[in-house]
Every structure is written in structure tokens, then in C-alpha cells.
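Working notes, structure below.
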Amino acid sequence: MSELYPVPERLLKDPKPYIATFDEYKKLWQESVDKPAEFFAKAAKEYLHWDKPFQTTMAGDFLSGNIAWFLEGELNASYNCVDRHAFATPDKVAIIHEGDDPKDVRKITYNDLLQQVCRIANVLKSLDVRKGDNVIIYMPMIPEAMVAMLACTRIGAVHSVVFAGFSADSLYDRIVDCEARVVITADEGKRGGKFVATKRIVDEALSKGIHAVDRVIVCKHTGTDVAMTLNRDLWWHEQSENARPFCPTVPVNAEDPLFLLYTSGSTGTPKGVLHTTGGYLLEAAMTVKYIFDYHPEDIYACTADLGWITGHTYILYGPLCLGATTVLFESTPTYPDPSRFWNMVDKHKVTQFYTAPTAIRALQRLGDEWVEKCDLSSLRVIGSVGEPINPEAWKWYYEKVGHSQCAVVDTYWQTETGSIVISPLPGATPTKPGSATFPFFGIQPVILEPTTGEVLQGNGVTGVLAISKPWPSMARTVYNNHYRYMDTYLKPYPGYYFTGDGATRDNDGYIFINGRVDDVINVSGHRLSTAEIESALILNSDVSEAAVIAGFDDLTGQCIHAFCTLKPSVTSDPEQLMKELVLQVRKTIGPFAKPKAIYVVMDLPKTRSGKILRRVLRKIVNNEHDQIGDTSTMADEGIIHHLIAMFNRHNANIRK
Ligand code: WTA
């Protein structure tokens, strides 16, 4: 398929990579899949501090859905990520906070971090938060968000971070689903010079209906005036000042939950993906070490949001578990100008830089001069995550950002996999633009024929991607809904974990991810379900039916197209209605879920039994009007012409 890029010379020396040849990788990978219990038991002892040793390395299987690792073992995530480094390297910087304004830089040492985490852990204890309780964190990208997460884990509480781009409605749903009693938030967020009324959104969420929240901890970030509800809201700084800077860690079982993270699936309601402590932490750390070839003197930066899994694993847990210096980036790639990322790399001498294809494409479009004026010579490994990276963007990243001297790691994984499952290793894997290449240790990917589930052996095959053996960091369940976990991941192809993605293994054995095969839309790396957006649209009293599908977009990868039919009595102005519908989606889910186009149509393409044919809509929005295929099962084939006309009219209006 595409051309092969050898490992750049720069990667092979100073420092020497952990895995320096492809043969070495293959040998270790083989060992990891032949003898996973030995492989991971050894790693777990090396990477983690255990309060009580484990006896059984692995148990359970995909058929029963009762996967467990490191049974009997007890540990504490906060101890592993903070205390042990605060003892060994107290003055080492744990977090570099690059604020929204580039002048706002805060450096927090491991010793500072320990004290802050202890104080907030004590605050939580004073509010009667105990082991196993769920705490909602809804915060901007500030170090206190990381402190809050670690404070929960310190006392065995389970955090559920909600991305601060979610609306009050979405936040409310998550608060209710996880039965949280405490919400931790901030007065305001700041991104790209704009303010986000974080606390106000929390207030709005809490006024929506019944929930169990009786305490809200509010961190002062911008210092704006916010309304504080008596007997419920507490200032972070006041509570923290009064709390002791020491709090013992609560050892938890390796299989006790570490966090919940809500993500979108095929059906309407988001699911609380549950990760446990031992296996997750182990692979968070191992993947940072091997996939980013992390060395102790490195400065590691990942620009994801803490509200998504990438922020959890690759800003917080992975790097801190290794005692690294991790950069927390509050801003956007183009604020105050499109040099922002590269200035940051230059300023902090970043060695590993991890971002998303949408950001890379956006910066590529704005021209090379923004990159060229910065000194990026500190970089060794540059990563991409969240969606397929197109070869053009890959090459630009490799040549302009990496100066053809850095390893590009196109890392494939999911909220549910907990850590990266397919990726090159910087010093070992020759890469191909657009390919996530080969599996990480312990991962046995298979490509299945979608309808029969037969394993497609050999190279040069395309199908759906599954994984054939459990691995330590995989999600264990969906909160309060194990059936949904089974039905989504383990039942579709019995004996396998089903990723929901399509994939190709090319003639050289390289894996290319082709994107989702289910009803999940990936816009700029943000996961959304079509059903979730449809439910939001139908909330508008004028809308009768809605069908949402993914279109292609040069910048965001995929984008949202929504088709709506209206109730017969509706006489609203169509322009006005369109605006209302966009607002409705923003309000119900969040601004990032805004459809690119909404078409108000007479009818939707349906089978005679009334099933909406989304396939037809997909062909229409992707301009494949001559490839609509078999329409013999349609109730009314004539509707296709109407839909194409509406689509063309919409595009003509945009061009005007
Ligand atoms: C997609 C993000 C292609 C994929 C870590 C997956 C990718 C979904 C890649 C998970 C990649 C992630 N190449 N596609 N390197 N990485 N994806 O749960 O469709 O937010 O199923 O986790 O993102 O998204 P999630």
C-alpha cells in the first residue's frame, strides 16, 4: 500500500530507545501473547507499588464477561502516581500548566502535588465521601482538576470527569446515572480567550430535577463573581487551606473501580465505562514508556482534554505513574496565533507531543510559517489519536513538525480499551502514513468478516476489528448495566472483544483503521451517537422524525448531517427553525455536537416496514448519488430525488 518510513536515526541514540529493533518488538510481543500471565505479572511488580501482593494474575474470559487481573492485590492509584515520586524526587516538576494565556505558566512539583492532593482528599473525607462513592468532576483544564481526580483515588472514591464542553442537560444525566453526592467544579473556564460559565452550568444542571448532590466544591480560577448556594457550595481554597496536607491512602483491590467515564454508543443514552485500578494503571504506565519511549528527563505533553479518556490515561495516570513531567494545556491550537503548540514545545523543550488529527489538519491549512519559526529540536516522538489520520496530514506532521527526525506514533485505542492497543514503537517500527501499524504487548487483534464473524487470516484483508484475548486495562463493565457491556462488546462476535471499528491489514501486515462501523460519529475525535443527536432534535415540538448520519469533512474527519421531517401542522419559518434545531442540539448535548447541516425534508427514505434507510442518506451527503444501490425495498423511491434536491439546494445556499 503506502510507502514505508524507516525509524529515524535520531530515535536510535541519546537516549537509546527501550525497544530498538523490529525483531526485538516481535519477540517481546510473542512472549506477551504466549505467556500473558508471566508477562504481565512481572510488569505489574515492576511498574506498580502494591500494598498487598496479587496471587492470581488473570481470570475470566470474553464469553463469561468476568475479566479480572491481579486478583487479591491491593494498591492505591494516588500513592503510585504521587507519593512514591514525592519521596524519591520531591522537587521534580510533576505538572507544567500552560494556561490559556501563554504567559500563565504554573509548575507543580511532586511534593506540592502530594500536599494539594492530600488536602482535597481530606476535604472529601470531611464531606463523608468514602471508598466506592462516585464523585463528578466538571472542570476546565487546570491542575486542580488533576488534584481532584487524584484526591478521589486517594480515598478509594471513584471519579467521573465530565468534559466541560457538555451542556447542563448532559451533565445532569451523568450526575443522576452515577448517583454522585459531590460535584467538583470551578467558577469559570477559559479557552482561546473566551470564558465558559462552568459553575453556572453546574447550577443549571442541578436545578433540572431530582439528584443526590448535596455538596459542590468550587475552585476559583478566573475569579469572576459566582452565585454560591448556601449549605451546598464550598470554596475549594477555603476548604483546602483548612485541611491537613497529609492524608493516608486507602488501599483498594486491583479490581475495585478507579473511574467511570461516560461515552457515546450506538443507542441514545451515554454509558458509564468502568475502569478498575490495577490493570488500568499498569498499562497506562507501560504504554507511555514504550509507545512514547519515555525517559526520566523527558518533558511530555498531551493536548487532549482531561474530560476524555486520552486526558485520563495520557495526561494524568500514565505519565504520573512513571514519575514524569506532564504538560497540561488549557488553550487551543490557534490562540493567540497558530504557533501556539510549537511555541509551547519550544518554551518547555517538550520531548513527546501527542495531539489529534483535526488539530494537525487545521494547523497544516494555516501554513508552514507558524511551525517554521519555532525551535522544535527537543521533540523525539509525536503522536496522533482519536480518529484516522490521513496520509497528507501524517506527512506534514512528520516533515514539518518532526523535521523527518521524529517517530510519528499513530495510536489506536478507545475509552473502553483504557490504553493504546495498536501503535508503532518509536525506535522499532518502520511506519506507514495512515497506519496504526502493530499491536501493543498482550494485544491480539483479529479482522473478522462482518456478517459471518469468520477470522480473516493472512494479509490483504478488510473487515471489522476485534481483539481475541483480554488485556489488563480493558473496561470491566458499563456502570449499572453489565448486559449493555456484554451486548455491545462481547456478544456481537462470541469469544472476541468487538471494537466497533472497521480495519484493513495490508499486504505487509500493517493495520489501517477505517473508522466506525456502528452508529457512532467521530467529529474531531469527539464520539457522538447518532441516536443521541436524533433524540435531541425530536425534543423540538415541530419535529416529527429525525435521522442523523456522518458525512466526510476535510477538517474534522467526520461531520454531522441531520434530516428532519416536521409535524403536519407546523408553519414556522424554516430558517428560524433550523437555528432552533442547532441550538437544541447544543443545549441537549453540548456545542461540539452541533450539526454541520440540517435538512428539513418531506419524508425520510424508509423500507416498507418503516425502517429508516440511513445508507441512502449517507450516499446522498457524500455525493455518491449514482451509488445509492438497491432501492427495491423502499416504500417510496421517489423520495430520493427530493432528498438530493434538498441537499443540492442546501449546498448552493452555503456557497452563496
Ligand atoms: C477512533 C479515543 C483511527 C476509533 C482514544 C475508536 C482512531 C474511537 C484512532 C474511540 C486512530 C481512535 N486511528 N481511529 N489512531 N484512535 N480512533 O473512545 O473509531 O474517544 O473506536 O477514544 O476513536 O474514541 P474514544
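A short reminder: the numbers here are calculations on the coordinates, not readings from a lab. Note that the coordinates shown come from a computational prediction; the quantities given were computed from them, not determined experimentally. All Cβ positions, glycine included, derive from the backbone under ideal geometry; neighbour counts span all protein chains shown.
A few notes on this one:
- Sorted by Cβ density within 10 Å, fewest first, the residues H221, H482: H482, H221
- Cα-centred dipole magnitude for region 22-136, charges only on beta-carbon of K, R (+1) and D, E (-1), debye, nearest 20: 280
- Extension gain, A37 back to R586 (0.36 nm per residue minus Cα-Cα distance, nm): 193.0 nm
- Where labels lie 7 Å past Cα in the beta-carbon direction, separation of R244 and D337 in nm: 5.3
- Amide N proximity, region 147-174 versus T222 label position 7 Å along Cα-to-Cβ, cut-off under 16 Å: 164-166
- Ranked by the mean number of other Cβ atoms within 10 Å of their residues, highest first, the peptides 571-583, 177-189 fall in the order 177-189, 571-583.
- Ranked by the mean number of other Cβ atoms within 10 Å per residue, highest first, peptides 439-449, 50-60 order as 439-449, 50-60.
- Residues with amide H under 5 Å from that of G383, placed H, sequence gap 5 or more: F353, Y354, T355, V409
- Remark: the Cα gyration tensor places region 150-215 in the oblate category, a/c being 1.5 or greater and a/b not exceeding b/c.
- Rounded if a/c under 1.5, otherwise prolate or oblate - the chain, Cα gyration tensor axes: rounded
- Region 485-492 - phi-based ³J(HN,Hα) in whole Hz, Karplus 6.51/-1.76/1.60, Gly and Pro as x: 4, 4, 5, 7, 10, 10, 8, x
- Loop-located trypsin sites (Lys or Arg not before Pro) in region 1-62 whose Cβ has at most 16 other Cβ within 10 Å (DSSP): K13
- Bridges between two residues of the chain, per DSSP, are antiparallel at a rate of about 60%.
- Two-site FRET efficiency, K13 against T462, from Cβ-Cβ distance with R₀ of 41 Å, rounded to 0.05: 0.60
- Annotation: amide H of T332 within the under-5 Å range of G192, sequence separation 5 or more or interchain, hydrogens built in the peptide plane.
- Other-chain or far-sequence residues with amide H under 5 Å of T222's (modelled H): D187, E188
- Computed from backbone phi, the HN-Hα couplings of region 536-544 come to 5, 5, 5, 5, 6, 5, 7, 8, 9 Hz, rounded to whole numbers (Karplus: 6.51 cos²θ - 1.76 cosθ + 1.60, θ = phi - 60°; Gly and Pro given as x).
- FRET efficiency for the pair E179 and T451, taken as 1/(1 + (r/R0)^6) with r the Cβ-Cβ distance and R0 = 45 Å, rounds to 0.65.
- Hypothetical label at T631: residues of region 554-573 whose amide nitrogen lies under 20 Å (7 Å Cα-Cβ projection): 562-565
- Electrostatic bookkeeping for P433 treats Lys and Arg as +1 and Asp and Glu as -1; over the other residues with beta carbon under 14 Å from its beta carbon, the sum is -2.
- Share of alpha-carbon pairs per 5 Å distance bin for region 29-100, given as whole %: 4, 13, 17, 18, 15, 12, 9, 7, 4, 1
- Theoretical FRET efficiency, 1/(1+(r/R0)^6), r = Cβ-Cβ of T56 and K131, R0 25 Å, to 0.05: 0.70
- Amide N of region 193-211 lying under 14 Å from the label point, which is placed 7 angstrom from the Cα of T229 along Cα→Cβ: 199-211
- Listed from fewest to most Cβ neighbours within 10 Å, the set D542, D128 follows the order D128, D542.
- Cα gyration tensor, region 411-514 - rounded (a/c under 1.5), prolate or oblate: oblate
- Part-to-part distance (alpha-carbon centres) for region 122-163 and region 611-656, which is given in Å: 48
- A simple charge model with +1 on the Cβ of Lys and Arg, -1 on the Cβ of Asp and Glu and nothing else charged puts the dipole of region 9-442 at about 280 debye relative to its Cα centre.
- Percentage relative contact order, the chain, counting C-alpha pairs under 8 Å, at least six apart: 14
- Long pairs among K107/K349; K42/K432; K271/K587; K491/K611; K107/K347; K42/K469, criterion Cα-Cα beyond 21 Å: K42/K432; K491/K611
- Antiparallel content of DSSP bridges confined to region 367-460, in %, to 5: 40
- Calculated from backbone phi, Karplus (6.51, -1.76, 1.60) coupling profile of region 9-20 in Hz, x at Gly/Pro: 3, 3, 6, 8, 9, 6, x, 5, x, 5, 10, 9
- Relative contact order of region 520-655, defined on C-alpha pairs under 8 angstrom at six or more residues apart (%): 20
- P(r) histogram, all alpha-carbon pairs of region 1-67 included - 10 Å bins from 0, percent: 15, 30, 30, 19, 6
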